[in-house]
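Chemist: Supplied in structure tokens, the structure appears directly below.
Bear in mind that the values in this text are calculations on the coordinates, not laboratory data. Remember, predicted model here, so these are calculated numbers, not experimental data. Using ideal geometry, Cβ is built from the backbone for each residue, glycine included, and neighbour counts are taken over all protein chains shown.
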Amino acid sequence: MKQFRGRCVVPGTIRAEALVSRGGFNTLASFQKALMFKDKDAKCSDQNNPDLYGRPMHNKALCLPQTIGSTTGGMVLCTSAMLGQQPACLLFSKPIDSLAAAGAILAYVWSDSPMPTVDNLGDEFLAFVKTGMTVSVGEDGVVTVE
Amino acid sequence: MAMTLTPEQRSILDGALGETRAKVMKTLVMYGETFGATKMVPVTGEFGHIVTSFGLSVMKPVYKLMDELIAGGALAGQKFSADPRPLDKNVPANALQNLVFKFMYGKQEDYEKQLAQLGILDEDAFTCTCYMDEVGNTPKEGDVLSWAESSAVVYANSVLGARCNRNSGIIELFGSIAGCVPYFGLLTDEGRKAAWIVDVKTAQKPEAQILGSAIGMKVMEDVPYVRGLDKFLGSELNDEAKAYLKDFGAATASNGAVGLYHIAGLTPEARAQGEALVAQNAKTYVVDDAELMRVRDSYPVVWKDPNAKPRLCFVGCPHLSIGQLRQWTHDIEAGLKQAGRAKVAVPTVFTTAPAVKKAFEKTAEGEKLASMGVAVSSICPLMYMNNPLCGKMPVITSSNKLRTYTSARYHTDAEILACVTKGVLQ
């Protein structure tokens with residue numbers, strides 16, 4: 001078990017199974033098919049992301065460095081929350097990017113399904129956490145990985 | 001750090017103009033505070049640009065949110081353009097594909113009505129290249145914008161010298177509604193400093209789409225200062241250079257998350273400030289021919305049959321300039337002549353802004369291109385490829401952005417030309 005302290009961007013507590021993307025997470029490419037085909041599991045459709053391609057993202061603790069790609073990204077994340085397909089939480093090793101922040105904040109202000117979001121967890125966090133591990137997020141930005 | 005708001009901004013946040021506008025302001029304040037913004041600054045660009053242009057039936061929550069904005073009187077204080085429409089009957093599609101399109105984009109008409117209420121410029125304002133002269137949403141140097149669409153934002157920042165963050169869909173509309181945006185990132189002098197020096201050391205002018213892809217994948221969201229490219233592009237931002245940078249930038253933004261680049265000796269800030277734009281401790285990335293080949297070879301081929309004959313070709317993501325349309329027309333004409341053909345060997349669609357399309361169709365090249373069997377459309381090819389029946393087809397493109405988001409396979413302009421004129425995919 002190991003604890004990491006980050007910055008709380010969107011508050012909330014949650015415990016979920018980790019899903020780890022080592023490279024940048026392309027939000028549109030990842031959620032595109034899930035949104036279009038109403039895939040409740042939200043299987044990742046980004047063919048360029050070998051860590052996540054084909055894996056369900058719904059209710060997972062999505063651990064990533066940052067998001068990349070289209071500026072629809074925030075809207076896509078927010079829509080996934082409004083449709084009940086969202087990750088359980090978003091955990092960033094680096095400072096959060098503007099698209100992911102928009103998605104997390106839009107979901108917090110405009111939907112009933114907020115995604116607790118923590119950034120600045122550090123490279124060590126992403127090096128330690130593996131897909132399938134259990135992750136707990138506290139209100140204070142402390143993330144416990146076991 | 002809490003943001004300091006003006007009394008007017010504070011009163012909106014506190015609900016003086018209703019709950020909806022308060023939520024808009026709350027969203028912008030939270031967004032800004034996440035990035036350490038201490039204040040809002042006025043949007044000074046004349047027009048906005050929004051990324052959400054498609055009436056996808058499954059995006060019901062977005063339309064509900066738009067209804068909430070309209071009902072709450074939270075309309076844009078400035079007119080705006082939007083990304084391309086998804087559909088055009090002139091783009092090849094069979095009956096089944098058309099049926100799926102009808103279902104997929106069943107909300108298009110309703111959504112466009114919402115956009116009209118919110119403040120869309122006009123019915124031709126649907127393009128990802130709103131900054132083209134023919135379209136007229138061209139910001140001035142130093143303008144503060146509330147835009148989304150990654151390729152438009154990176155172009156406005158880099159080539160036009162405007163100031164805009166990589167805003168998400170919906171957030172950009174909120175900035176146009178509020179008339180202000182949080183001051184952080186690419187709006188600040190510090191945020192426009194380059195964290196990377198990129199040295200281009202290729203033997204010939206690199207393909208814009210592959211160079212942009214390589215740099216995007218390397219620097220991710222950072223600002224690169226690119227040296228050695230002016231050797232190929234010159235020191236004047238003429239139409240050819242601007243078209244190259246449009247395609248280059250779109251690849252940096254979709255293969256990475258670049259919102260601003262500087263090209264030494266060419267782009268406005270690089271010309272004015274030179275290497276003073278490079279931050280201390282900037283990292284260096286050298287791009288040579290071997291590196292470009294490595295990057296290109298890393299692209300996955302997701303066609304079911306990798307040797308399939310292409311059934312469709314898309315050129316123009318982002319939308320083509322009129323100069324690019326003219327050049328392609330001449331190149332295809334020469335290629336067909338050489339191959340002894342009158343029409344293209346692969347169904348081919350060139351995409352461009354509605355206003356550019358109208359201007360091009362009035363030229364001799366416009367007639368010539370049509371006579372060679374090439375369709376000119378103003379759709380978003382990405383939205384076409386989102387149709388699962390279209391996504392299964394072997395489609396080729398010279399757009400790295402389209403490659404990134406769909407099953408379309410990337411080829412260089414020269415390879416595309418050979419394929420559509422000779423029917424041979426190298």
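Chemist: What distance in nm separates the simple spin-label points at residue B:60 and residue B:203, each placed 7 Å from Cα in the Cβ direction?
Modeler: 5.9 nm
Chemist: For residue B:312, enumerate residues with amide H under 5 Å from its amide H, sequence gap 5+ or separate chain, H modeled in the peptide plane.
Modeler: For residue B:312, whose amide H was placed from the backbone, the distant partners under 5 Å are B:396.
Chemist: For chain B, state the semi-axes of the equivalent ellipsoid (square roots of 5 times the eigenvalues of the alpha-carbon gyration tensor), sorted largest first and rounded to whole angstrom.
Modeler: 35, 28, 18
Chemist: Can you tell me the length gained on complete extension of the stretch residue B:298 to residue B:190, counting 0.36 nm per residue apart and subtracting the Cα distance?
Modeler: Length gained between residue B:298 and residue B:190: 35.5 nm.
Chemist: Give the separation of the Cα centroids, segment B:110-161 to segment B:191-224, in Å.
Modeler: Segment B:110-161 and segment B:191-224 have Cα centres separated by 25 Å.
Chemist: With the dipole of the protein assembly as shown worked out from charges on the C-beta (+1 for Lys and Arg, -1 for Asp and Glu) around the Cα centre, which of A:91, B:395, B:29 lies farthest toward the positive end?
Modeler: Most positive-ward Cα: B:395.
Chemist: Label segment B:310-351 by shape, choosing from rounded, prolate and oblate, from the square roots a ≥ b ≥ c of the eigenvalues of the Cα gyration tensor; if a/c is under 1.5 it is rounded, and otherwise prolate applies when a/b is larger than b/c, oblate when it is not.
Modeler: Oblate.
Chemist: Can I ask one more? Tell me the Kirkwood hydrodynamic radius of segment B:312-422 in angstroms, computed as one over the mean inverse distance between distinct C-alpha pairs.
Modeler: 13.9 Å
Chemist: Sequence gap at least 6, Cα distance under 8 Å: using those rules, report the relative contact order of chain B to the nearest whole percent.
Modeler: 17 percent
Chemist: Still on this structure, please answer the following. In whole percent, what relative contact order does segment B:312-422 give with Cα contacts below 8 Å and a gap of six or more residues?
Modeler: Relative contact order of segment B:312-422: 36 percent.
Chemist: Another question, then. May I ask you to derive the FRET efficiency for residue B:280 and residue B:311 from their Cβ-Cβ distance with R0 = 51 Å, giving the value to the nearest 0.05?
Modeler: FRET efficiency, residue B:280 to residue B:311: 0.50.
Chemist: Viscosity 1.306 mPa s, temperature 10 °C: what is the translational diffusion coefficient of segment B:190-297 from Stokes-Einstein with a Kirkwood Rh over Cα pairs, rounded to a whole number of µm²/s?
Modeler: 118 µm²/s
Chemist: Run the helix sum for chain A: -39,500 (n - 2.57) per DSSP H stretch of 4+ residues, divided by residue count, reported at 222 nm to the nearest 500 deg cm²/dmol.
Modeler: It comes out at -8000 deg cm²/dmol, rounded to the nearest 500.
Chemist: Please report, ordered by residue number, every helix of chain B (full DSSP H runs) that is 18 Å or longer along its axis going by C-alpha atoms and whose mean Kyte-Doolittle hydropathy reaches -1.0.
Modeler: Sorted by number, the helices that extend far enough and score high enough are B:19-34, B:239-255, B:322-339.
Chemist: Got the relative contact order for segment B:1-146 handy, in percent, Cα pairs under 8 Å and 6 or more residues apart?
Modeler: 30 percent
Chemist: For segment B:198-206, take each phi angle, set θ = phi - 60°, evaluate the Karplus expression 6.51 cos²θ - 1.76 cosθ + 1.60, and give the result in whole Hz per residue in order, putting x for glycine and proline.
Modeler: Going residue by residue, I get 10, 9, 8, 10, 8, 6, 10, 4, x Hz, with x marking Gly and Pro.
Chemist: What does the helix-only formula give at 222 nm for chain B: each DSSP H stretch with n ≥ 4 adding -39500 (n - 2.57), the total divided by the residues, and the result rounded to the nearest 500 deg cm²/dmol?
Modeler: So the helix-based figure for chain B works out to -12000 deg cm²/dmol.
Chemist: If you don't mind, another one. Tell me which residues come under 5 Å, amide H to amide H, from residue A:68 once H is placed; ignore anything under 5 positions away on its chain.
Modeler: So residue A:68 has HN proximity to A:25, A:26, A:27.
Chemist: Follow-up. Rounded to whole Hz and in sequence order, give me ³J(HN,Hα) for segment B:120-135 from the Karplus expression 6.51 cos²θ - 1.76 cosθ + 1.60, θ = phi - 60°, writing x for Gly and Pro.
Modeler: 4, 4, 6, 6, 9, 8, 9, 6, 7, 10, 5, 7, 5, 3, 5, 8
Chemist: Hey, another quick one. What is the dipole size for segment B:312-422, taken about its Cα centre, with +1 at each Lys and Arg Cβ and -1 at each Asp and Glu Cβ, in debye to the nearest 20?
Modeler: Dipole of segment B:312-422, to the nearest 20 debye: 160 debye.
Chemist: If I build a Gaussian network model for chain A, linking alpha-carbon pairs within less than 10 angstrom, which residue out of A:45, A:93, A:111 has the largest mean-square fluctuation?
Modeler: Highest fluctuation of the listed residues: A:111.
Chemist: Also: Can you tell which of B:125, B:279, B:208 shows the greatest fluctuation in a Gaussian network model of chain B with Cα springs below 10 Å?
Modeler: B:279
Chemist: Something else: Where is the GNM fluctuation largest for chain A (alpha-carbon springs, 10 angstrom cutoff): A:48, A:26, A:59?
Modeler: Looking only at A:48, A:26, A:59, the biggest GNM fluctuation is shown by A:48.
Chemist: State, in angstrom, two size descriptors of the protein assembly as shown derived from its alpha carbons: Rg to one decimal place and Dmax to the nearest whole number.
Modeler: Calculated on Cα positions, Rg and Dmax stand at 22.6, 72 Å.
Chemist: Search the structure for amide H atoms under 5 Å from the amide H of residue B:201, placed 1.01 Å from N in the peptide plane, and list their residues when 5 or more places away or on another chain.
Modeler: Distant-sequence amide H within range of residue B:201: B:287, B:288.
Chemist: Okay, next question. What whole-number distance in Å separates the alpha-carbon centres of segment B:58-91 and segment B:337-377?
Modeler: After rounding, the separation between the Cα centres reads 31 Å.
Chemist: On to the next question. Along the principal axes of its C-alpha atoms, what lengths does segment B:66-214 span, in descending order and rounded to whole Å?
Modeler: For segment B:66-214, the Cα spread along each principal axis is 49, 42, 25 Å.
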